[in-house]
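First the structure, in the form of structure tokens, and then the observations on it.
The values are calculated or read from the model by the stated rules, or taken from the named source; none is laboratory data. It should be emphasised that the depicted structure is a prediction, and the values quoted were computed from it without experimental measurement. Positions of Cβ are generated from backbone atoms using ideal geometry, with glycine treated the same way; all protein chains shown enter the neighbour counts.
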Amino acid sequence: KDFRNDVKPNWCPGCGDFSVQAALQRAAANVGLEPENLAVISGIGCSGRISGYIHSYGFHGIHGRALPIAQGVKMANRDLTVIASGGDGDGFAIGMAHTVHAIRRNIDITYIVMDNQIYGLTKGQTSPRSAAGFKTKSTPSGSIEQAISPMELALTAGATFVAQSFSTDLKDLTALIEAGIKHKGFSLINVFSPCVTYNKVNTYDWFKENLTKLSDVEGYDPHNREMAMQTLMKYNGLVTGLIYQNTEQKSYQELVHGYSETPLSKADLKLDQNYFDKLVAEFM
Ligand code: SF4
């Protein structure tokens, strides 16, 4: 199936988000989805535009709120594969509370974060993923704050699927998105997606020099949470691949009372004029 549409992305030439778009389109096709079975819900930021660049249902939400919307979509229609997406500012600053609670809730959606360690849409300010000392127009003397470590944070929040990739590793990223879609629960995929316009430190070359593939770490076991945490700490979070997966824990959908019998999209809501008149009368 073809998940491309005729909308031309207005990302800067060379932006890492192009590869994320391509990987998502390929992964959706590889797992056998039809466009009408996929919903891509995004937040605000350059990366938030992705929901308009995929041939599927799409919703470009509000800043930091892709996850609440995505969770609502999934709860209303379990037949949809739901992808939430956004940037590191969107997910790890204003949307951080939603990220943590969606993780511990283990709701069956995939969250792709395009992590460029800066705010791109607002023209280059320090984000929660910017390293200490990082100079931008909002921190001209260098950031005095430490960067958030999203993978460690996800593990401590009880994540059942944690992965990280680099936008040029199209094959690996596609495979991780496929695995995230198939995972029965919440899957978090953080993608190093360079901002070529504003981040002159964390460039493609910088990532190539500093990233380690977990497939090259001898004896690495993505089902061992302790090993996952120790490895992240050892490599300062700069690893790519499947970091951790727990297939034993049930998803929110499997646990929530009544959901499996009557998802909202299938329920007979009797949405006729009489229903609305009665509803309005109750509030008068
Ligand atoms: Fe990509 Fe940065 Fe351009 Fe935004 S400003 S489209 S993140 S390169």
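In this structure, is S149 modelled with pLDDT of 95 or more, among the polar types (S, T, N, Q) and within 16 Å of the ligand (Cβ to nearest atom)?
Here the answer is no, as S149 does not meet what is asked.
Any residue at all in segment 129-141 that is under 16 Å from the mean Cα position of the chain (by Cα) and touching a residue at least 12 places away in the same chain (Cβ under 8 Å)?
Yes, segment 129-141 has at least one match.
Yes or no: segment 250-272 includes at least one residue that is more than 27 Å from G45 (Cα to Cα), charged (D, E, K, R) and modelled with pLDDT of 95 or more.
Within segment 250-272, one or more residues are more than 27 Å from G45 (Cα to Cα), charged (D, E, K, R) and modelled with pLDDT of 95 or more.
On the phi > 0 side of the Ramachandran plot and over 20 Å from the mean Cα position of the chain (by Cα): does that describe G219?
yes
Of the residues T231, T203, T174, only one is farther than 30 Å from K250 by Cβ and either out of contact with any strand residue (DSSP E or B) (no Cβ under 7 Å at 6 or more places or on another chain) or crowded, with 21+ Cβ neighbours inside 10 Å (or both); which?
T203
Suppose we filter K213, K250 for residues that are basic (K, R) and under 22 Å from D169 (Cβ atoms); which single one remains?
K213
Quick check: anything in segment 238-248 in contact (Cβ under 8 Å) with a residue 40 or more places away in the chain, assigned to a loop (DSSP other than H, G, I, E, B) and within 21 Å of G87 (Cβ to Cβ)?
no
Going through segment 109-126 one residue at a time, which ones are near the ligand (Cβ under 8 Å from one of its atoms) and either surrounded by fewer than 22 Cβ atoms within 10 Å (Cβ to Cβ) or in a loop (DSSP other than H, G, I, E, B) (or both)?
N116, I118, G120, L121, K123, G124
Here is a list: R65, R49. Which entry is modelled with pLDDT of 95 or more, within 21 Å of P128 (Cα to Cα), within 16 Å of the ligand (Cβ to nearest atom) and charged (D, E, K, R)?
Answer to the check: R49.
Please find, within segment 198-214, the residue that is nearest to the ligand (Cβ to nearest atom) out of those that are outside any helix (DSSP H, G or I) and under 22 Å from the mean Cα position of the chain (by Cα).
Y198
Considering only segment 149-159, I want to know if a residue exists there that is of a type outside the set (S, T, N, Q), crowded, with 20+ Cβ neighbours inside 10 Å, in a strand (DSSP E or B) and touching a residue at least 12 places away in the same chain (Cβ under 8 Å).
no
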